[in-house]
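To keep things clear, I will list the structure first and then write my remarks on it.
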Amino acid sequence: LSISFIVFFYFSLFKKSVFWTLERSNFVLATKNSRVAIFSLQGKEGLFLNLPEKSKVKVTRGFGEYELGKVYLLGELEKKGGSLLKETVQENFFAPVFGYFYTENDFEYQRLSQKDIIAKIFAGAFNGKIKTDLSKPDLLLLYLRSKMLEEKKTKIQDFTVDMDSPLKDKRLRNDGLSIEVHNSTDHFGLAQQIS
């Protein structure tokens, strides 16, 4: 196969990906040692937000309260660890999450630059070393986006209860856009809960 055909093939796959046009992309990472983090890309900025894994959170799907670091393994009892983790993080931290990653290994944060941590997650998932619900074309596109992050615009920080959400989409915030959710079902209060 020629190089131009391969480039055209991947470009056509990338154009179909939601991550091609999405300004901010948030993902959740869980590790075997119960570490949980949200990491995010927006333009040339990256963020790796460590979440309090020992904190009790309300788990979706009626599971009650559990430590955040145990939510993935709880969901794996029904082979839905990633879905349960994504839903629970969205519900408790008010961040739209577009995919999950689970690894048996903890990352050596001290040895890697901030942007390299994010790139390593996408590369590991692409190679099958990290579990994810994202497709190979999405992972490749996100890996390429992560390599364009600027080191000085990428940071690691710990989540605190009083912080203003660093995960909001800046373009939506700057444009002053708002979204209104309407309920057309028979379930009362659904629109308010979703919004």
Quiz prompt | Filtered residues of the stretch 56-72 (kept if without any contact (Cβ under 8 Å) to a residue 24 or more places away in the chain and open to solvent by 60 Å² or more (accessible area, probe 1.4 Å)) | solution = LYS56, GLY62, PHE63, GLU65, TYR66
Self-check item: Of all residues in the stretch 44-55 being in contact (Cβ under 8 Å) with a residue 40 or more places away in the chain and not in a strand (DSSP E or B), the one that is farthest from THR160 (Cα to Cα)
Solution: LYS44
Practice problem: Considering each residue of the stretch 73-100, count those that are over 21 Å from SER25 (Cα atoms) and crowded, with 18+ Cβ neighbours inside 10 Å, and give that number. | Solution: 2
Quiz item: Is it the case that LEU112 is among the aliphatic types (A, V, I, L, M) and without any contact (Cβ under 8 Å) to a residue 12 or more places away in the chain?
Solution: yes
Practice problem: Look through the stretch 140-195, keep the residues that are of a type in the set (Gly, Ala, Ser) and surrounded by 10 or more Cβ atoms within 10 Å (Cβ to Cβ), and return whichever of them is modelled with the highest pLDDT. | Solution: SER146
Exercise. Being assigned to a loop (DSSP other than H, G, I, E, B) and on the phi < 0 side of the Ramachandran plot is the filter here, so list the residues in the stretch 71-98 that pass it.
Key: LEU77, GLU78, LYS80, ALA95, PRO96, VAL97, PHE98
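The values are calculated or read from the model by the stated rules, or taken from the named source; none is laboratory data. For clarity, every value in this text was computed on a predicted model and none was experimentally measured. Note: ideal-geometry Cβ built from the backbone for every residue, glycine included; neighbour counts use all protein chains shown. Ligands, DNA and RNA are stripped out before the accessible areas are found, and what is left, the full protein with its side chains, is counted by its heavy atoms. Shrake-Rupley method; radii C 1.70, N 1.55, O 1.52, S 1.80 Å.
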